[in-house]
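Comments concern the structure below.
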Amino acid sequence: MISKRKFEQPDVNSDTIAQLSRQLIEANTKLKRTENERTAMLENISHDLRAPLTAIRSTIDYIKLKRDDPECGSTGEEMNSLVKLLDARTKTLEVMIQDLYYMTCIDSGREEFNLEDIPLAQFLEEYFFALEIDDKYKDYDFVLDVPDDLDVVVHIDISKFERVLDNLFTNARKYSDKGSKITLGAGQNSDGAFFYVEDTGYGIPKESIPYIFDRTYKVSNARTPKDDSSSGLGLAITKRIVEFHGGKITCESTLGKGSRFTVFL
């Protein structure tokens, strides 16, 4: 006859139980916060998609009406205007969908990072000179503030950090008037290397700064861009890329005077 062994409760002290309980509560809280952010992000994107879709639908209906009704003729100038509207709204949709997909890939770990050792000064200078000839920035005053003796090698994914700079410069341009100064600078301190993008644009209210990197936040009241075709995810994507590299990004801003975004590596 096989005797059944009596179950013996593990000897776990109260401190261990309390610690495990705290860890479980913290993990659950973080999971809920992440899920709430994801839900809010999808709600925001869904709402933002309505405007361009409505404009595209209305424009197409109008073109069909002109085509089907002989009495509703249209001039070449009018058709060009409609095509431009369709093109602009389609680009808005493309940006939103691409950013949403990119953010999802980063969060899920599906996005690959190809890290290599790169001289920071050379990387920033090459990016800056390429941007100088971009027509989008022809009406802005560009300044490069990278010390000649900056001899720092960083371990980064070049394409990802080009995207970081793209996002920061796009924001600087969108939230500044023509003729404003946009500076790309870099340096080194006791904590390591850093670079920054600074503008003399509209600035951000102090109370908004802690939230600008959240994927669910858009400073719509603080900064009203001239033509906003963004998804609102640019800074959230930038923060995730920087953090993947073990760095951090900060923002300093004064309303009416401009903003400075600094990436520490």
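The values are calculated or read from the model by the stated rules, or taken from the named source; none is laboratory data. All values reported here derive from a predicted model rather than from experimental measurement. Note: ideal-geometry Cβ built from the backbone for every residue, glycine included; neighbour counts use all protein chains shown. Each accessible area value is taken on the protein alone, full model and side chains, heavy atoms only, with ligands, DNA and RNA left out. Shrake-Rupley method; radii C 1.70, N 1.55, O 1.52, S 1.80 Å.
Things worth noting here:
- Element breakdown for region 83-213 at a 1.4 angstrom probe: carbon and sulfur atoms account for 47% of the accessible area.
- For THR183, net neighbour charge (Lys/Arg +1, Asp/Glu -1) across residues whose Cβ lies under 10 Å away: -2
- Counting only Cβ charges, +1 for Lys and Arg and -1 for Asp and Glu, the dipole size of region 116-188 around its Cα centre is about 520 debye.
- Beyond 25 Å in Cα-Cα separation lie the following of the pairs LYS64/LYS91; LYS136/LYS160; LYS138/LYS174; LYS174/LYS257; LYS138/LYS257; LYS66/LYS136: LYS66/LYS136.
- For region 85-142, the solvent-accessible area of protein heavy atoms averages 61 Å² per residue (probe radius 1.4 Å; ligands and nucleic acids excluded).
- In this view, the solvent-accessible surface of GLU77, computed with a 1.4 Å probe and all protein chains in place, comes to about 150 Å².
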